[in-house]
Amino acid sequence: MRDVASERDVDSRSTVNERVVTLDVNGRTYTLRLDTRVTLLDALRDRLGLVGTKKGCDQGACGACTVHLDGRRVLSCLTLAAQAEGREITTIEGLTGADGPHPVQRAFMEHDGFQCGFCTPGQIMSAVALMAEGRAGSDEEIREYMSGNICRCGAYPNIVAAIRAVASGGGHDAHL
Amino acid sequence: MSTVESRPLIGEGISRVDGPRKVTGAAPYPMDFSVPGQAYGTLVQSTIAAGRIVRMHTDEAAHSPGVVTVLTHENALEVGTGPASVLGASPPAPLRNDRIVHHGQHIAFVVAETPEQATAAARLVRADYEAAEPLLDLQDPRAEHLHDPWGMDHSRGDAAAALESAEVTLHSTYLTADNTNNPLGLFATLAVWDGDTLTVHDTSQWPSMVRASLAMAFGIPESSVRVLVPYVGGGFGAGLRAWPHVILTAMAARMTKRPVKLVLTRPQMFTSIGHRPSGVQWLSVGIRRDGELVALDHRSLSSLSMEDNDFEPFSSGTAFAYQCPNVITRDEQAKLNIAVPTSMRAPAEAQGNFALESALDELSYTLGIDPVELRLRNHTDVDPRNGLPWSGKAILECYEIGARRFGWSDRNPEPRSMRDGNWLVGYGMASAMFPYFAQPCMAEATVNRDGSAFVRSAATDIGTGTYTVMAQLSAEELGLPLEKVRFDLGDSDMPDSMMAGGSGLTGALGNAVHDACRRLVRSFVDLVRDDADSPLMGISPHDVECSDGRIHLMGCPDRGESYVDILARHGTPQLSATGSSTPPDAKEIGLSLAGAYGAKFVEVRVDPDLGLVRVARVVSAIDGGRILNEKTARSQIIGGTVGGIGMALLEDTVTDPRTGRIANGTFADYLVAVNADVPELDVVFVGEPDRGTPTGTKGVGEVGLVGIAPAITNAVYHATGKRIRSLPITLDTLL
Ligand code: FES
Ligand code: FES
């Protein structure tokens with residue numbers, strides 16, 4: 001399936017080093033003509049309008065840009081868009097299911113796991129992956145493996161509480 | 001209507017109303033906005049700290065693919081300077097001349113079709129400089145000093161004589177490093193001109209001020225400028241001013257006749273939007289053997305840039321923190337070739353309190369008096385500057401409840417006496433406060449025919465919970481369920497608000513919302529004054545209260561009617577009222593306006609072989625007056641605590657002493673606290689609604705940070721016997 005955004009993008013920008021890249025994002029396929037320097041983060045934000053993924057440093061040091069590539073967390077600012085071709089990309093926009101927000105999203109609201117909310121999409125993508133990695137066994141483990149995601153507002157204890165609640169919740173919430 | 005007294009001290013901890021948008025990525029921050037046809041700007045910054053530009057080389061950049069224009073001081077539009085605010089003169093206009101006053105100063109602005117093209121072209125811009133020797137050292141005798149720049153120096157009694165004759169004296173020097181606000185959201189500006197009207201999306205904590213600055217810069221009326229900022233990716237003070245890059249983006253948009261968008265890079269966030277200035281403080285304390293303070297002499301020198309202002313009276317809090325008859329406080333600022341400092345969470349008080357609370361801890365050991373007891377002995381219920389009672393100061397309760405929750409009585413007073421395996425264990429505490437601050441504020445409240453309410457003000461929610469607590473407050477005032485109330489903000493076209501800063505917004509805006517809602521109810525009552533069909537006919541607006549979407553006679557829910565019925569019967573689609581608040585006058589109300597208070601208790605673990613310090617536990621007992629929402633208020637305190645841990649253990653903006661370049665201007669090099677640095681944090685709210693204002697609230701944005709650094713260094717002393725007087729603590733000082 002091609003997207004409206006891609007039609008516009010394929011022909012509107014002329015630069016020196018370009019290539020056509022096909023990206024599979026949240027279950028949709030987009031074909032873009034991209035400057036080869038464009039990162040996955042910028043492709044998502046500037047070309048596809050998926051601005052839920054945030055840029056906090058563009059240097060791989062803050063975690064705000066965390067997305068999933070084939071279910072594993074990566075920093076989209078350190079990934080070129082072209083490198084993500086042929087892989088399944090999930091962003092914060094793709095996390096909400098048909099039955100509403102993901103359990104981790106709900107837990108972040110319940111435990112006030114954010115303040116300004118800017119780090120939150122990255123925190124949540126990291127948290128979901130963390131559980132899939134089996135790294136949410138204890139508070140210590142959660143703190144350690146969530147330390148690639150800076151929260152300058154300092155919501156850390158609430159982020160830990162939110163993840164702990166989902167990881168130990170059993171029943172519906174434990175189903176990830 | 002309901003009164004302050006009848007309300008609970010601690011409001012319901014409901015989840016944020018903006019939570020659903022934030023957890024799904026749907027909350028739009030300034031960097032998330034784009035408009036068709038926009039071009040992208042990139043800043044070029046100076047690579048010397050002092051001197052002048054001899055020549056700019058822009059040809060290569062201008063001919064680089066996709067470049068629209070390259071602006072320098074040679075071709076920039078001349079713009080006016082914005083208005084002064086409570087934080088001082090407006091930042092200097094950008095690209096005015098060839099003068100360089102700090103490393104990282106904006107010297108060119110490249111506009112191109114794509115961000116990649118703009119970034120690539122910016123690398124091709126070169127400057128020839130005539131470099132001068134920069135002044136970079138705070139204690140450089142050549143630096144010009146500003147004395148008492150804020151008129152807050154204080155003197156009472158005779159501190160010099162009292163020090164001379166005191167039974168015990170302490171003379172200490174304290175150093176605090178430059179810290180950088182570093183909100184996670186990169187600051188962004190998108191400027192769109194339509195003829196002579198300007199719309200700007202901008203990362204700001206104070207849209208009304210950005211509007212005024214842009215209007216003055218371009219010589220257009222304020223009504224022609226609209227500043228939008230529905231979400232802010234943090235600020236911590238960095239968004240309190242209309243920075244040069246904001247003006248520059250609007251200038252580029254005007255000159256290119258294109259919408260222009262700029263997103264700062266993380267390194268540019270270190271030089272473009274302020275930082276907490278480094279400082280040196282000299283504190284002399286005279287005290288009796290029984291622990292009663294007789295003299296305090298507190299002086300500070302902090303760093304300032306060459307061409308700008310920063311409100312940073314480090315020692316001012318010492319004038320009223322404790323009962324003491326002889327006090328002198330003196331602040332100076334040294335003009336250096338550094339990027340402009342600015343308010344960063346708990347400005348001045350974070351540093352001044354570190355000195356004072358460290359000194360008291362040191363004296364507690366000298367005198368053999370428990371640190372909490374020493375503070376109790378010097379407590380004052382009146383403001384020693386004017387003799388007026390505080391409008392609210394429950395610090396005694398903070399000490400008591402905080403100490404109990406922490407288990408302070410388990411502390412062995414002997415330094416280096418407590419261990420856990422190889423770890424040295426230390427308990428430390430400190431008092432905290434953040435002074436009262438407020439500015440005039442306005443809000444507008446509307447009730448619609450369907451019984452829903454819409455309340456708005458040009459405020460911002462920087463993560464503090466403004467959207468949520470103001471909706472709660474409005475719902476309470478209007479007697480509506482929260483789901484029926486929408487609070488909107490972040491648009492300079494709304495009624496003027498004060499800044500989201502200085503812990504002032506919740507109080508000032510809350511009081512304006514309170515006023516707007518009361519006026520609105522009054523206009524409903526006025527509407528039915530002569531309405532024979534209304535059960536409220538003839539009732540005075542003073543005798544009504546609101547609940548369940550109805551206005552009714554006080555204490556008599558049956559005698560009244562709903563907003564919906566009143567509006568329907570009168571064929572009115574909606575009623576609105578505007579309310580305002582102004583800071584009360586202390587003399588008039590006979591109370592000295594109090595800010596928030598707190599007592600902080602910290603347990604640290606120190607590895608004696610590595611010098612490693614870990615914060616194991618923190619208890620913060622806080623008097624924040626009436627707390628509107630326990631959940632968001634607690635988050636403010638834990639956020640401040642995390643900032644305090646960073647200040648104590650990690651944060652240090654390092655400037656190269658030769659070039660003036662910031663040497664660690666990235667998140668990889670400038671360390672902030674991460675999840676693994678932060679233990680479980682205990683927060684408890686105590687006290688009573690503040691008596692100084694109608695809603696009884698005090699802001700809690702800053703008090704969470706204050707006192708954490710000295711509580712940590714005091715705990716480190718207790719663990720190791722080593723007194724730290726310089727922040728941040730580095731490993732080598734503990735080996
Ligand atoms: S934006 Fe990718 S790690 Fe910071
Ligand atoms: S919520 Fe603001 S950075 Fe995490």
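For the stretch B:645-693, a tally of residues being within 25 Å of B:A633 (Cβ to Cβ), assigned to a loop (DSSP other than H, G, I, E, B), open to solvent by 40 Å² or more (accessible area, probe 1.4 Å) and within 14 Å of chain A (Cβ to nearest Cβ) returns 1. B:Q38 meets each of the listed conditions (1) open to solvent by 30 Å² or more (accessible area, probe 1.4 Å); (2) within 30 Å of B:P94 (Cα to Cα) apart from (1). Taken together, B:L163, B:L190, B:L136 contain a single residue that is more than 16 Å from ligand 2 (Cβ to nearest atom) and within 14 Å of chain A (Cβ to nearest Cβ), which is B:L190. Given the condition more than 7 Å from chain B (Cβ to nearest Cβ), out of contact with any Cys (no Cβ under 6 Å at 6 or more places or on another chain) and within 15 Å of ligand 2 (Cβ to nearest atom), answer yes or no: does some residue in the stretch A:61-77 qualify? The answer is yes, given that some residue of the stretch A:61-77 is more than 7 Å from chain B (Cβ to nearest Cβ), out of contact with any Cys (no Cβ under 6 Å at 6 or more places or on another chain) and within 15 Å of ligand 2 (Cβ to nearest atom). Of the residues making up the stretch B:667-703, those that are farther than 28 Å from B:V604 by Cβ and in contact with a helix residue (DSSP H, G or I) (Cβ under 7 Å, 6 or more places away or on another chain) are B:P689, B:G692, B:T693, B:P694, B:T695, B:G696, B:T697, B:K698, B:G699. Could you please let me know if A:F114 is buried (at least 19 other Cβ atoms within 10 Å of the Cβ), outside the structural domain of A:D24 (by TED's automatic domain parsing) and away from ligand 1 (no atom under 16 Å from the Cβ)? It is true that A:F114 is buried (at least 19 other Cβ atoms within 10 Å of the Cβ), outside the structural domain of A:D24 (by TED's automatic domain parsing) and away from ligand 1 (no atom under 16 Å from the Cβ). Could you figure out which of (1) more than 16 Å from ligand 1 (Cβ to nearest atom); (2) open to solvent by less than 20 Å² (accessible area, probe 1.4 Å) isn't true of B:G185? Of the numbered conditions (1) more than 16 Å from ligand 1 (Cβ to nearest atom); (2) open to solvent by less than 20 Å² (accessible area, probe 1.4 Å), the odd one out for B:G185 is (1).
Results for (1) open to solvent by less than 60 Å² (accessible area, probe 1.4 Å); (2) modelled with pLDDT under 95; (3) not assigned by TED's automatic domain parsing to the domain that holds B:V678, shown as yes or no for each residue.
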position: B:N511; (1), (2), (3): yes, no, yes
position: B:R519; (1), (2), (3): no, no, yes
position: B:P557; (1), (2), (3): no, yes, yes
position: B:G579; (1), (2), (3): yes, no, yes
position: B:K600; (1), (2), (3): yes, no, no
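The combined condition, being open to solvent by 30 Å² or more (accessible area, probe 1.4 Å) and at pLDDT 95 or above, is fulfilled by B:H147. Comparison of B:E373, B:E332 shows that the only residue that is among the acidic types (D, E), in contact with a strand residue (DSSP E or B) (Cβ under 8 Å, 6 or more places away or on another chain) and at pLDDT 95 or above is B:E332. As a summary of the residue check, A:L32 satisfies the conditions (1) within 13 Å of another protein chain (Cβ to nearest Cβ); (2) at pLDDT 95 or above; (3) within 16 Å of ligand 1 (Cβ to nearest atom) except for the one numbered (3). Beta carbons closer than 9 Å, at least 6 apart along the sequence or on distinct chains, pair a first residue in the stretch B:577-593 that is under 30 Å from B:N448 (Cβ atoms) with a second that is open to solvent by 60 Å² or more (accessible area, probe 1.4 Å) and assigned to a helix (DSSP H, G or I) for B:A577/B:R519; B:A577/B:R522; B:T578/B:R519; B:G579/B:R519. Looking at the stretch B:485-496, can you tell me whether even one residue there is closer than 30 Å to B:A242 by Cα, touching a Phe, Trp or Tyr at 6+ places or on another chain (Cβ under 8 Å), open to solvent by 40 Å² or more (accessible area, probe 1.4 Å) and among the basic types (K, R)? Scanning the stretch B:485-496 turns up at least one residue that is closer than 30 Å to B:A242 by Cα, touching a Phe, Trp or Tyr at 6+ places or on another chain (Cβ under 8 Å), open to solvent by 40 Å² or more (accessible area, probe 1.4 Å) and among the basic types (K, R). Confirm whether B:S46 is open to solvent by 30 Å² or more (accessible area, probe 1.4 Å) and at pLDDT 95 or above. For B:S46, the condition - open to solvent by 30 Å² or more (accessible area, probe 1.4 Å) and at pLDDT 95 or above - is not met.
Within the stretch A:41-84, the set of residues being open to solvent by 40 Å² or more (accessible area, probe 1.4 Å), near ligand 1 (Cβ under 10 Å from one of its atoms) and closer than 24 Å to A:A132 by Cα comprises A:L75, A:L78.
Which count do you get for residues in the stretch A:112-148 that are within 16 Å of A:G60 (Cα to Cα) and more than 7 Å from chain B (Cβ to nearest Cβ)? The qualifying residues number 6.
The values are calculated or read from the model by the stated rules, or taken from the named source; none is laboratory data. All figures in this text were calculated on a predicted structure; none of them were measured in a lab. Glycine gets a Cβ as well: all are built from the backbone with ideal geometry, and neighbour counts include every protein chain shown. Heads up: the accessible areas ignore ligands, DNA and RNA and are worked out on the full protein's heavy atoms, side chains in. Shrake-Rupley method; radii C 1.70, N 1.55, O 1.52, S 1.80 Å.
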